[in-house]
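The values are calculated or read from the model by the stated rules, or taken from the named source; none is laboratory data. Since this is a predicted model, take the numbers as computed values, not measurements. Don't worry about glycine lacking a Cβ; one is built from the backbone with ideal geometry, like all the others, and counts go over all protein chains shown. Just so you know, the surface numbers come from the protein's heavy atoms only, side chains and all, with ligands and any DNA or RNA stripped out. Shrake-Rupley method; radii C 1.70, N 1.55, O 1.52, S 1.80 Å.
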Amino acid sequence: NMIMEIESISVKAANDVDTDYVGRRCTENGMMIVCVDALQKSPAGVAKLAGQSILDGFDELQEITEEILLQYVQRGHAAVKTEYPEEVAAMMAITLLVVNNQKIGIVQKGSTQLFWIREGELCYQSVSEAVSNDAKIQVFDNHLQDGDALLLTTDGLWMPIREQEIVIDYVKSETVKQWISYLLTRKGLIMDEESDCYSAMAIMVHQSDSQ
């Protein structure tokens, strides 16, 4: 059995506008993590509305197929469009991770990112585009292994940091909390009036000692 050590961080911009969201949902059959980044001028709460709607969909569906992964994203868009103009929903960036014992599903839309480290090396990085209405969906017939690590993050955190630095900080970390701390040190804690807010969730996978 595997144990997932998970840590999240959310930092608002200096103007106190919160335009991104990261959250997770766990069931007996799997886990979903969603990372959403709305336009910087979007109303506060848009990303959270989309993210929580996507997580609620996981309670109903849970299977990992390309069709169902797309339905999750569409569910988030639909929730936002009920309260805000359609362009607000269209411009959201979303990264979605769904895992169970047989498969790993990843959805990428826009500038949010997923980094997947295995055996101390970056084995997968989602393709980030500043603005994209197309969701890129991948399903791997695989499962998370002992020593795997994943980072889902909005562009406010990952853009100033090189990919190899993310791996370096993971390798030298004993805990996921320490990994996040190293990344924040690289990012720097100075948030001026032009700074973007950022959110991230990091995961370390360990083999359970129990039989």
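In this structure, is Thr154 more than 26 Å from Glu7 (Cβ to Cβ) and in contact (Cβ under 8 Å) with a residue 12 or more places away in the chain?
Numbers: more than 26 Å from Glu7 (Cβ to Cβ): no; in contact (Cβ under 8 Å) with a residue 12 or more places away in the chain: yes.
No: the conditions fail for Thr154.
Taking segment 8-36 on its own, how many of its residues are β-branched (Val, Ile, Thr) and at pLDDT below 85?
Residues in segment 8-36 being β-branched (Val, Ile, Thr) and at pLDDT below 85: 4 in total.
So which residues in segment 135-164 are touching a helix residue (DSSP H, G or I) at 6+ places or on another chain (Cβ under 7 Å) and open to solvent by 30 Å² or more (accessible area, probe 1.4 Å), if there are any at all? Can you show your working first?
So the first thing to find is which residues in segment 135-164 are touching a helix residue (DSSP H, G or I) at 6+ places or on another chain (Cβ under 7 Å), and the list is 135, 137, 139, 149, 151, 157, 160-161.
Those that are touching a helix residue (DSSP H, G or I) at 6+ places or on another chain (Cβ under 7 Å) and open to solvent by 30 Å² or more (accessible area, probe 1.4 Å): Ala135, Ile137, Val139, Pro160.
Check Glu121 against each of (1) without any contact (Cβ under 8 Å) to a residue 40 or more places away in the chain; (2) charged (D, E, K, R); (3) open to solvent by 70 Å² or more (accessible area, probe 1.4 Å) and name the one condition it does not meet.
For Glu121, the failing item is (1).
If you go through segment 10-30 one residue at a time, do you hit one that is in a helix (DSSP H, G or I) and hydroxyl-bearing (Ser, Thr, Tyr)? Spell out the reasoning first.
Let us first name the residues in segment 10-30 that are in a helix (DSSP H, G or I), namely none.
No, segment 10-30 has no match at all.
Could you please let me know if Gln71 is out of contact with any strand residue (DSSP E or B) (no Cβ under 6 Å at 6 or more places or on another chain), open to solvent by 40 Å² or more (accessible area, probe 1.4 Å) and part of a helix (DSSP H, G or I)?
Numbers: out of contact with any strand residue (DSSP E or B) (no Cβ under 6 Å at 6 or more places or on another chain): yes; open to solvent by 40 Å² or more (accessible area, probe 1.4 Å): yes; part of a helix (DSSP H, G or I): yes.
Yes: the conditions hold for Gln71.
Please go through segment 136-151 and give me each residue that is closer than 16 Å to Gly30 by Cβ, in contact (Cβ under 8 Å) with a residue 40 or more places away in the chain and among the hydrophobic types (A, V, I, L, M, F, W, C), ordered by number.
Val139, Leu144, Leu150
Here is a list of conditions, (1) without any contact (Cβ under 8 Å) to a residue 40 or more places away in the chain; (2) under 20 Å from Cys197 (Cα atoms); (3) not polar (S, T, N, Q), and Ala90 meets all of them except one; can you say which number that is?
Only one criterion in (1) without any contact (Cβ under 8 Å) to a residue 40 or more places away in the chain; (2) under 20 Å from Cys197 (Cα atoms); (3) not polar (S, T, N, Q) is unmet by Ala90, namely (1).
May I ask you to verify whether Gln52 is farther than 29 Å from Lys187 by Cβ and open to solvent by 10 Å² or more (accessible area, probe 1.4 Å)? It would help to see each step written out before you state the result.
Values: farther than 29 Å from Lys187 by Cβ: no; open to solvent by 10 Å² or more (accessible area, probe 1.4 Å): yes.
Criteria not met by Gln52.
If Cys26 meets every condition in (1) touching a residue at least 24 places away in the same chain (Cβ under 8 Å); (2) of a type outside the set (Lys, Arg); (3) open to solvent by 30 Å² or more (accessible area, probe 1.4 Å); (4) within 20 Å of Ala149 (Cα to Cα) apart from one, which number is that one?
Condition not satisfied by Cys26: (1).
Provide a single number: the residues in segment 37-66 that are more than 17 Å from Val22 (Cα to Cα) and either aliphatic (A, V, I, L, M) or at pLDDT 90 or above (or both).
Summing the residues that are more than 17 Å from Val22 (Cα to Cα) and either aliphatic (A, V, I, L, M) or at pLDDT 90 or above (or both) in segment 37-66 gives 4.
As an exercise: evaluate Asn100 against (1) surrounded by fewer than 19 Cβ atoms within 10 Å (Cβ to Cβ); (2) under 27 Å from Lys41 (Cα atoms); (3) under 17 Å from the mean Cα position of the chain (by Cα) and give the number of the one condition it does not meet.
(2)
Given the options Val88, Val80, name the one that is touching a helix residue (DSSP H, G or I) at 6+ places or on another chain (Cβ under 9 Å) and open to solvent by 10 Å² or more (accessible area, probe 1.4 Å).
Numbers: Val80 fails: open to solvent by 10 Å² or more (accessible area, probe 1.4 Å).
After applying the criteria, what remains is Val88.
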